[in-house]
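Novice: I'd like to ask you about the structure that follows.
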Protein chains: 2
Amino acid sequence: MAQDVQIHIDPELVERYIMEMGRFGAYAGTGVWRTVYSPEWVQATDQYAAWCEEAGLAVTRDAVGNVWGRLQGSEPGGSIVSGSHIDTQRPGGRYDGTLGALAGLIALKVLKAQFGQPKRTLEALSLCEEEGSRFPSTNFWGSRAITGRIEPGAAEAMQGYDDETMADAMRAVGLDPARIPEAKRDDIDSFVELHIEQGPILEHAGLPVAVVDAITGIRHYNVTITGEQNHAGAFPMDLRRDPMAGFAEIASGVINTAHRMGRPAVTTVGRAVVEPNYPAVVPHSVNFTVDARHPDPGQRAILYARHEALMQEVAERRGLEISWNHYVNHEPCLSDPGLVATFQKAAAAQGIPFMTMPSGAGHDSQQMEHIAKVVMIFVRSKDGRSHTPEEFSSIPDIVDGIRVLAAGLHALAY
Amino acid sequence: MAQDVQIHIDPELVERYIMEMGRFGAYAGTGVWRTVYSPEWVQATDQYAAWCEEAGLAVTRDAVGNVWGRLQGSEPGGSIVSGSHIDTQRPGGRYDGTLGALAGLIALKVLKAQFGQPKRTLEALSLCEEEGSRFPSTNFWGSRAITGRIEPGAAEAMQGYDDETMADAMRAVGLDPARIPEAKRDDIDSFVELHIEQGPILEHAGLPVAVVDAITGIRHYNVTITGEQNHAGAFPMDLRRDPMAGFAEIASGVINTAHRMGRPAVTTVGRAVVEPNYPAVVPHSVNFTVDARHPDPGQRAILYARHEALMQEVAERRGLEISWNHYVNHEPCLSDPGLVATFQKAAAAQGIPFMTMPSGAGHDSQQMEHIAKVVMIFVRSKDGRSHTPEEFSSIPDIVDGIRVLAAGLHALAY
């Protein structure tokens, strides 16, 4: 291992790749609308494959349309893979996902050009789908196929926003849903995912990049609180069982709980539906969500216990019925400590200022963690924005991110 | 005036009238679905007119379809009128409105039979529309016509839930919208409206009837609070401008404010619409209503000032934008003190226990107050329910209410 090599990344190449990739599904100026298996998606994966070939990587496409660019190592051992997803929100921007797929490709291109064949096999990866923007009932389609976590029949069962099934969408681009199991890999040692931060923490810290030591644990509570529907004028306050009053107290309470626990705890009440939702009627019920996240397993348990105790206490005190379930419940995904250390050292060796932080958003790395060691690299997001055409990361920051990525891969593979 | 006469009301007649009237638009057992100018409404008004004639009242129908049953007095002076509206919610029950129209008719029938011609003219009144259940942009159609408060062209402009105009609906039952101004009356001295309470106060007090000394003042605020839409995972709590947090604090605050002020202050947050309303997105905005009511003009001003100060303070402290307007703003309608005293004495003389209370709901009396002295009588509602097929008042309570009504009318007219 030669830690102190300096990695050179051409900013113009980086910008050209980003802008050219952004043309596939270009939407309203800086936006991109590129859902899995759409014509734009086909163009983008073809372009990715073409650039991999240009870089001297051996290109293969798997059964779900993930594109792999392989740089064969001279010694045995599992692959060290870097990439991210190439699909977007409806619309998203040029950076979420795509930047990580391009970063893996550019890093391998540069490493091959600068250092030749590695000892360990390196692979760049464009994952077919992560956002759930065409098929709401799933996401991580690409990384779930690689990790063997797609159930038989799922492609036929899965219905999209436009009524087609995932299986239909696959067949329309020449993929056979019956062959999904063939995408499974069991020879990956490490997965390194570069991604935009999607939050404002790096911007506020004045830093271009971060090494990610964990992906937060997420639970989505779906809560219904029910009281007694009544006339807004004729029913005195002291006799009401008002679910809006209970909801408001709970929403304030869970938000304040996460705020007081401090970073990185976050709790969001993003959705509320009031029945019957008339101005002059004390509501019958409020259905709402509580999205609560913490990357530390112990703190996460405390956060959830506080939320549940509050919900129960408020409902009981106010004579309201309450029920909930969690329809999303992801454990925290901890980065491999060895990989974290490797990429911290790589950043330091490149002279790039960085911090170590958890990810508050979900990523393909959570899936890959089932079959490989994982770590992520974050690049600063302007105003913390993502999932919008306005998302932006600067070329200098992106170049810094790819330098950390390439330097770390160099340390692992050469 | 002979205060201490005993009024006899036949419970079987009362029950028969209520049940027969409930057949016109009968819906799902105990419900009634009878919107203005519908075939069911025509049947109900025809029945009302027939019963008025049976009672020996002189029947007229005005330009909007209000039915009047007149018992001419022997002396000059404005009429003393008693009635309420005959239309219902979709569906409502058998009592809201209809009971007041029938009570006026039954009281006059009994007074005529028991005491003959009065000195002052008495009139029973079936008002054509109050609920706004067919034409959402208005209500009080009957009482607004009588008080000359329908603007020229309103019937043509007013669109119903089913796309027809009020003018079309009138023409379909043989009424000419151009003649609406002819319904105006300027010879009404007093309007006495019996109505179900629609709230639980009488039930909790264990009393059958109330004399109503005021109809509450109502203001509906339509409020929009706007923050910054962000990723629920990647954006730390301390950097958010979360309109849900602001909304929840305001909803709790305004509800608690009215509760602490005590009866009869009421404040309801009945409607809330979150944008974009996704579980994993800190919302962009919450649009909501605040319905705040108080029958005392001074206390009402204090209630509104507290609500507005709270909304402003929460928004400013949280860095949120807030704006509001009031799309409903009715001043309190105070009952005539002389009429209140007359009906209090009438109840006492009949040996009927009662309380004096304000109305938290709006009523035709608010309109009639522009041309006449007004007072209302409330009859106990089971569980405080109304605007539903489940609304119910017992025949003994209703008989007590009509006895108070008739005794008061006797005091005024004989």
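Novice: Among (1) under 27 Å from A:ARG171 (Cα atoms); (2) crowded, with 21+ Cβ neighbours inside 10 Å; (3) without any contact (Cβ under 8 Å) to a residue 60 or more places away in the chain, which single condition is A:GLY83 missing?
Specialist: (3)
Novice: Looking only at the range A:229-240, how many residues end up being crowded, with 19+ Cβ neighbours inside 10 Å and outside any strand (DSSP E or B)?
Specialist: Let us first name the residues in the range A:229-240 that are crowded, with 19+ Cβ neighbours inside 10 Å, namely A:229-237, A:240.
Those still in the list that are outside any strand (DSSP E or B) too: A:229, A:232-237, A:240.
Counting residues in the range A:229-240 that are crowded, with 19+ Cβ neighbours inside 10 Å and outside any strand (DSSP E or B) gives 8.
Novice: Please pick out the residue among B:VAL67, B:VAL81 that is under 23 Å from B:ARG16 (Cβ atoms) and either of a type outside the set (Ser, Thr, Tyr) or in contact with a strand residue (DSSP E or B) (Cβ under 9 Å, 6 or more places away or on another chain) (or both).
Specialist: Residue meeting the stated conditions: B:VAL67.
Novice: Please determine, by comparing only the residues of the range B:309-330 that are part of a helix (DSSP H, G or I) and in contact (Cβ under 8 Å) with a residue 40 or more places away in the chain, which one is farthest from the chain's Cα centre (by Cα). Even if it seems obvious, please write down each step before you answer.
Specialist: Step one: filter the range B:309-330 for residues part of a helix (DSSP H, G or I), giving B:309-318.
This time we only want the ones that are in contact (Cβ under 8 Å) with a residue 40 or more places away in the chain, so: B:310-311, B:314-315, B:318.
Details: B:LEU310: 30, B:MET311: 29, B:VAL314: 34, B:ALA315: 34, B:ARG318: 39 Å.
Checking each candidate, the answer is B:ARG318.
Novice: For the range A:32-54, give me each residue that is in contact with a strand residue (DSSP E or B) (Cβ under 7 Å, 6 or more places away or on another chain) and either not β-branched (Val, Ile, Thr) or not assigned by TED's automatic domain parsing to the domain that holds A:ARG149 (or both). Walk me through it before giving the result.
Specialist: Within the range A:32-54, the first condition is being in contact with a strand residue (DSSP E or B) (Cβ under 7 Å, 6 or more places away or on another chain), and the residues that meet it are A:32-33, A:45, A:48-49, A:52-53.
If the condition is that a residue be in contact with a strand residue (DSSP E or B) (Cβ under 7 Å, 6 or more places away or on another chain) and either not β-branched (Val, Ile, Thr) or not assigned by TED's automatic domain parsing to the domain that holds A:ARG149 (or both), then A:TRP33, A:TYR48, A:ALA49, A:CYS52, A:GLU53 are the ones that fit.
Novice: Shifting gears a bit: Being surrounded by 24 or more Cβ atoms within 10 Å (Cβ to Cβ) and more than 8 Å from chain B (Cβ to nearest Cβ) is the filter here; which residues of the range A:251-262 pass it?
Specialist: Within the range A:251-262, just A:VAL254 meets the criteria.
Residue by residue, here is whether (1) surrounded by fewer than 18 Cβ atoms within 10 Å (Cβ to Cβ); (2) out of contact with any strand residue (DSSP E or B) (no Cβ under 6 Å at 6 or more places or on another chain) holds:
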residue	(1), (2)
A:ALA155	no, yes
A:GLU164	yes, yes
A:GLY174	yes, yes
A:ARG179	yes, yes
A:SER190	no, no
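For (1) within 14 Å of another protein chain (Cβ to nearest Cβ); (2) outside any strand (DSSP E or B), each residue gets a yes or a no:
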{"position": "A:ILE150", "(1), (2)": "no, yes"}
{"position": "A:GLN198", "(1), (2)": "yes, yes"}
{"position": "A:HIS204", "(1), (2)": "yes, yes"}
{"position": "A:ASN222", "(1), (2)": "yes, no"}
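Novice: Right, next: Looking at the range A:332-383, which of the residues that are in contact with a His (Cβ under 9 Å, 6 or more places away or on another chain) and assigned to a helix (DSSP H, G or I) is farthest from A:GLY78 (Cα to Cα)?
Specialist: So the residue we want is A:ALA346.
Novice: Can you pull out every residue in the range B:266-317 that is of a type in the set (Val, Ile, Thr) and either over 28 Å from A:GLY360 (Cα atoms) or in the same structural domain as B:PRO200 (by TED's automatic domain parsing) (or both)?
Specialist: Residues of the range B:266-317 that are of a type in the set (Val, Ile, Thr), as a first pass: B:266-269, B:273-274, B:281-282, B:286, B:289-290, B:302, B:314.
B:VAL266, B:THR267, B:THR268, B:VAL269, B:THR289, B:VAL290, B:ILE302, listed by residue number.
Novice: Of the residues in the range A:362-389, how many are surrounded by fewer than 24 Cβ atoms within 10 Å (Cβ to Cβ), among the acidic types (Asp, Glu) and in contact with a strand residue (DSSP E or B) (Cβ under 8 Å, 6 or more places away or on another chain)?
Specialist: 1
Novice: Return the residues of the range B:389-414 that are in a helix (DSSP H, G or I) and among the acidic types (Asp, Glu); say none if nothing qualifies. Quick ask: steps written out before the conclusion?
Specialist: So in the range B:389-414, the residues in a helix (DSSP H, G or I) come out as B:395-413.
Of everything in the range B:389-414, those that are in a helix (DSSP H, G or I) and among the acidic types (Asp, Glu) turn out to be B:ASP397, B:ASP400.
Novice: On to the next question. Check off (1) more than 23 Å from A:VAL14 (Cα to Cα); (2) outside any strand (DSSP E or B); (3) hydroxyl-bearing (Ser, Thr, Tyr); (4) within 14 Å of another protein chain (Cβ to nearest Cβ) for A:SER386 and give me the number that stays unchecked.
Specialist: Failed condition: (1).
Novice: A further question on this structure: One residue is enough: does the range B:290-300 have a residue meeting the conditions free of Cβ contacts under 8 Å to residues at least 12 places away in the same chain, more than 20 Å from A:ASN277 (Cβ to Cβ) and more than 12 Å from chain A (Cβ to nearest Cβ)?
Specialist: First, the residues of the range B:290-300 that are free of Cβ contacts under 8 Å to residues at least 12 places away in the same chain: B:298.
Among the residues that remain, those that are also more than 20 Å from A:ASN277 (Cβ to Cβ) are: B:298.
After this cut, where a residue has to be more than 12 Å from chain A (Cβ to nearest Cβ) as well, the list is B:298.
Checked the range B:290-300: at least one residue is free of Cβ contacts under 8 Å to residues at least 12 places away in the same chain, more than 20 Å from A:ASN277 (Cβ to Cβ) and more than 12 Å from chain A (Cβ to nearest Cβ).
Novice: State yes or no: is B:GLY174 at pLDDT 95 or above and touching a His at 6+ places or on another chain (Cβ under 9 Å)? Spell out how you get there, then give the answer.
Specialist: On the way: at pLDDT 95 or above: yes; touching a His at 6+ places or on another chain (Cβ under 9 Å): no.
Taking the combined requirement at face value, the residue does not satisfy it.
Novice: Could you pull out the residue among A:MET244, A:MET261 that is in contact (Cβ under 8 Å) with a residue 40 or more places away in the chain and within 18 Å of A:GLU275 (Cα to Cα)?
Specialist: Details: A:MET261 fails: within 18 Å of A:GLU275 (Cα to Cα).
The conditions single out A:MET244.
Novice: Restricting to the range A:134-153, what's the tally of residues that are farther than 19 Å from A:TRP41 by Cβ and touching a Ser or Thr at 6+ places or on another chain (Cβ under 9 Å)? Show your work before the answer.
Specialist: Start the filter on the range A:134-153 by keeping residues that are farther than 19 Å from A:TRP41 by Cβ, which leaves A:147-149, A:151-153.
Next, only the ones that are touching a Ser or Thr at 6+ places or on another chain (Cβ under 9 Å) stay: A:149.
Residues that pass the stated criteria total 1.
Novice: Output the residues belonging to the range A:12-38 that are part of a loop (DSSP other than H, G, I, E, B), surrounded by 21 or more Cβ atoms within 10 Å (Cβ to Cβ) and touching a residue at least 40 places away in the same chain (Cβ under 8 Å).
Specialist: Initially, the range A:12-38 is screened for residues part of a loop (DSSP other than H, G, I, E, B), giving A:23-25, A:28-30, A:33-38.
Those left that are additionally surrounded by 21 or more Cβ atoms within 10 Å (Cβ to Cβ): A:24-25, A:34-37.
Across the range A:12-38, the qualifying residues are A:GLY25, A:ARG34, A:THR35, A:VAL36, A:TYR37.
Novice: Give the residues of the range B:263-284 that are facing chain A (nearest Cβ under 7 Å) and in a strand (DSSP E or B), sorted by residue number.
Specialist: Across the range B:263-284, the qualifying residues are B:VAL266, B:THR268, B:ALA272, B:VAL274, B:VAL281, B:VAL282.
Novice: Please give the number of the condition B:ALA210 fails out of (1) away from chain A (no Cβ under 12 Å); (2) closer than 30 Å to B:ALA407 by Cα.
Specialist: B:ALA210 satisfies every listed condition except (1).
Novice: Could you list, in sequence order, all residues of the range A:316-359 that are surrounded by 14 or more Cβ atoms within 10 Å (Cβ to Cβ), small (Gly, Ala, Ser) and within 20 Å of A:ASP397 (Cα to Cα)?
Specialist: Selection gives A:ALA346, A:ALA347, A:ALA348, A:ALA349, A:SER359.
The values are calculated or read from the model by the stated rules, or taken from the named source; none is laboratory data. Since the model is a prediction, treat every value here as computed from it, not as a measurement. Don't worry about glycine lacking a Cβ; one is built from the backbone with ideal geometry, like all the others, and counts go over all protein chains shown.
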